[in-house]
Amino acid sequence: MRVHVEPQQRPLQGAITVPGDKSISHRAALLAALADGTSRIHRYNPGADTRSTLACLEKLGVTHILQDDVLTVHGASTWQEPTDVLNAGNSGTTMRMLLGLLAGRDFFSVLTGDASLRERPMARVVLPLKRMGADIRGRQQGNLSPLAITGKPLLGMDYHLPVASAQVKSALLWAGLFAQGTTRVSEPHPSRDHTERLLAHAGLGIERTPSHVEIRGGRAPASFCLEVPGDPSSAAFFITAACIVPGSELLVQDVGLNPTRLGFLEVLKRMGAKIQLQVHQEEPEPVGNILVQARALTGTTIKRHEVPLLIDELPVLAVAGAMASGTLAMEGIGELRHKESDRLQGIVDLLHALGGRARVCGDNLLVTESSLKGSLLHAHGDHRMAMTAAVAALAAQGPTTICGCECVNVSHPAFFHELASLGVKVSC
Ligand code: S3P
């Protein structure tokens, strides 16, 4: 699907909501599937990734009904051996979390994904799981899927992640539920903590300190009800758009305000944007409104320790960098090479195609104030790159065409409709 976006001549004004959080939706469905009894999850994310999680659960014998955005899961502590390969589609979260949940089961399963996911590194999950006793095999010594898992008894362990990753941390915590003894995980820098919060919500006490999280095996979660907050990573595209279109004022309602997801707001504030939060709820996840008002932006430096708190927002922040005076520096963002596409190269290619200035130095990226012109851009099958391209197009002089936009279905199928509702000229 090709989408044409016109430069935005008028301020973006109004109030929007975004779909339920993708990360929380995956975790809630998986946790509900483990709980004996019926759980209900409201505002389940409508994207293809969270559907992949449900399709895998169905093959594992977990029944569910999804009506509009309300997911009802009839969980069971015992899952069935799947008679077919489990396909995680484009979803790294589905694959990594299921690795943790399947490694300690008493059956055989195979996990695969689409062409992009089959090239994404899995050793970061497979190697620590093997230390717990897992038997997982795949291409390149088990780094690439398809991955074959022969369930084995697991032993708890103490593990320090070399690179902060919520997916790896969560996979190990899930595996820890099925392991004998205690599993303790620590990270070089904090990453999103939705798994920890949801485990507590389902009655599974876990020990948390600023430096580690610890779970005891052999316990089952209780069934639960949950209202998923709006996804701040989806909101980030609209918020950044409002920051770069002069005169804009935008309210994002009922969105997740978990601090482990809001690093991008801190960066935009440092760059000069006016951003206010209204918190309506604290537990199990903070939820509220975000009000953003456009102001002139200035470059800043995103430090390595901040990266896990804004990992998915780096591409769109780079667009804000191009529209800011001075330089936006992003330090230690090499992980972007291992996302749904090579996002580090993707950002540079996108900005260069628009006549912008961006340069990679090792694992760092420098984006310098630019005057963008309309162009022909490619999403490369990556939902966040398609949405980043649309935001950049608003600030360009002249129309932009973005190829391969169907991938926005992965996280936010109505993305272009929402953009149009704010007065942006978008056509297919
Ligand atoms: C996610 C964690 C992040 C993020 C991904 C979703 C999660 O990945 O990029 O989109 O739901 O835990 P990493 O754990 O690889 O940093």
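A few notes on this one:
- Residue match in the range 91-98 (condition: out of contact with any Asp or Glu (no Cβ under 6 Å at 6 or more places or on another chain), over 24 Å from ASP21 (Cβ atoms) and either away from the ligand (no atom under 13 Å from the Cβ) or of a type outside the set (Lys, Arg) (or both)): no
- In this structure, GLU6 does not qualify as free of Cβ contacts under 8 Å to residues at least 12 places away in the same chain, more than 16 Å from the ligand (Cβ to nearest atom), farther than 17 Å from LEU198 by Cβ and out of contact with any Phe, Trp or Tyr (no Cβ under 9 Å at 6 or more places or on another chain).
- When we screen LEU111, LEU127 for residues that are in contact with a helix residue (DSSP H, G or I) (Cβ under 6 Å, 6 or more places away or on another chain), more than 13 Å from the ligand (Cβ to nearest atom) and at pLDDT 95 or above, the only hit is LEU111.
- Looking only at residues of the range 161-198 that are β-branched (Val, Ile, Thr) and within 20 Å of LEU34 (Cβ to Cβ), we find that the one that is farthest from the ligand (Cβ to nearest atom) is THR182.
- Qualifying residue in the range 75-90 (condition: out of contact with any helix residue (DSSP H, G or I) (no Cβ under 8 Å at 6 or more places or on another chain) and either closer than 14 Å to ALA29 by Cα or assigned to a strand (DSSP E or B) (or both)): no
- Residue list for the range 384-417, restricted to those being farther than 16 Å from VAL245 by Cα, part of a helix (DSSP H, G or I) and touching a Gly at 6+ places or on another chain (Cβ under 8 Å): MET385, ALA386, CYS407, ASN409, VAL410
- Only residues that are modelled with pLDDT under 95 and touching an Asp or Glu at 6+ places or on another chain (Cβ under 7 Å) were counted across the range 53-85, and they come to 2.
- Subset of the range 378-409 [of a type in the set (Val, Ile, Thr) and either surrounded by 20 or more Cβ atoms within 10 Å (Cβ to Cβ) or under 20 Å from the mean Cα position of the chain (by Cα) (or both)]: THR388, VAL391, THR400, ILE402, VAL408
The values are calculated or read from the model by the stated rules, or taken from the named source; none is laboratory data. Keep in mind the model is a prediction, meaning the values are calculated, not measured. Virtual Cβ from ideal backbone geometry, glycine too; neighbours counted across all protein chains shown.
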